[in-house]
């Protein structure tokens, strides 16, 4: 019922949004003498604010057309190189001739970024991808909005997620490096553990976890406490809704993205109100750059996707309530997951000092679980002065975290293997 009401509200808001857009265009027009007055600018700013608050936000584009490497501009072409019903694998392919001019024939490591499936599209990590493009051959998981997956495609739970991660690591190839941002930490660790136990030749060279809930019992935050305070049935009864028609996934049970978004916004409500008031002031004051930064952030932040009910409830129960991985009780399709089997995949963890989503120690717990790894294959780093978002985006991420990740991965990069693998790819393409 809630989902249907939201859709009705969006439809009802359409005339208001159209009226606001017309007002904005009229009071921004150079032909309107009032556009240069305080009154006219206030009307245009108010209309722009109403328009942004009532519009429907679709899946954003990547917008990453080039990167700079050693002073050379290198063209970038995002392309989906593998896909299935619930996810696609996007490769940020860099122009080979321009790349050769920038770095010569020395191959760079391959990096698979596993994006969170927690309400936002993978494009939320645009800044993460952009920061790593000069250093790696970057791939990213592009999870599908559950409301766009027809019922005929079946269910999707946490075990399926782990299977997808393992399949995409395999697609990227042996010697790759995996970086999990936030939510994917536990399933990525599970996938790598299974690959290690199987002596899978495609097991990654390194794995990096950033702000991940490996063990939510450590420094519990507000979301962790909510998961502990409410019993499992409460989440089933209050967080799961049915996708309405005419979406392709009509009748599928989901955890809607707008519910997750409202939860995140309520955690920092005053900050969001202040941001929109500042947006209004920037528009009135003709501060176009600041207003555009606001638009870019909220165009991304307000673009949300739905999660399948099975995956969401599995995650709540197994990761946030039962702490199965941290307790050594995590099973994947009846098979015990043993991080202690990881012996050849180096481990790095990154946390934010002020993270209010994944508290200090939650990501570090991966080191205790991967007990067979020697000290020279581990690195733990806590970034001072940043919250959850700052762990994977922003100026301090680019200046202080990225160089450490690059250096860590570089220690375990096998250039000869990379060159041989690229040669086999070229032969297959021919």
If R0 = 30 Å, then residue 336 and residue 232, at their Cβ-Cβ distance, give a FRET efficiency to the nearest 0.05 of 0.85
For the pair residue 85 and residue 42, the simple spin-label estimate (label points 7 Å beyond Cα toward Cβ) gives in nm 5.5
Pairwise FRET efficiency - residue 217 versus residue 57, Cβ, R0 = 35 Å, nearest 0.05: 0.50
In nm, what is the difference between 0.36 nm times the number of residues separating residue 72 and residue 380 and their Cα-Cα distance? 107.6 nm
Ascending count of other beta-carbon atoms within 10 Å, so fewest first, for 395, 42, 118: 395, 42, 118
Which three extents, in whole angstrom, do the alpha-carbon atoms of the chain cover along their principal axes, largest first? 70, 57, 44
May I ask for the angle, rounded to the nearest 10°, between helix 402-411 and the longest principal axis of the chain, with both axes built from Cα atoms and the value confined to 0 to 90°? 20
Specify the angular offset, from 0 to 90 degrees and rounded to the nearest 10, of the alpha carbon long axis of helix 269-284 from the longest principal axis of the alpha carbons in the chain. 50
Estimated FRET transfer efficiency (residue 65, residue 151; beta-carbon r; R0 45 Å; 0.05): 0.75
Fewest to most Cβ atoms within 10 Å: 261, 151, 117 sort as 151, 261, 117
Measure nothing but the geometry: give the 0 to 90° angle between the long axis through the Cα atoms of 288-301 and the longest principal axis through the Cα atoms of the chain, rounded to 10°. 60
Could you give the distance between the Cα centres of region 221-245 and region 363-416, to the whole Å? 32
Of all DSSP beta bridges with both partners in the chain, the antiparallel percent, nearest 5, is 50
Proxy exposure order for 392, 209, 258, 320 (fewest C-beta within 10 Å first) is 258, 320, 392, 209
Kindly provide the helix-only [θ] at 222 nm of the chain, computed as the sum of -39,500 (n - 2.57) over DSSP H runs of four or more divided by all residues, to the nearest 500 deg cm²/dmol? -13000 deg cm²/dmol
Report the full-extension gain for the segment residue 281 to residue 198: residue separation times 0.36 nm, less the Cα-Cα distance, to one decimal in nm. 24.0 nm
Overall Cα dimensions of region 97-220 - principal axes, largest extent first, Å: 47, 38, 34
If packing is taken as the average count of other Cβ atoms within 10 Å, what order do 71-79, 139-147 fall into, highest mean first? 139-147, 71-79
Just grab the label-to-label distance for residue 299 and residue 250, each label 7 Å out from Cα along the Cβ direction, in nm (one decimal). 3.1
If I stretch the segment between residue 16 and residue 101 completely, what's the gain in nm (0.36 nm per residue apart, minus their alpha carbon distance), one decimal? 25.3 nm
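FYI, it's all coordinate maths here, none of it is from the lab. Bear in mind that the values here come from a model prediction, so they are computed numbers and not experimental data. No Cβ is skipped: glycine too gets one built from the backbone with ideal geometry, and neighbour counts run over all protein chains shown.
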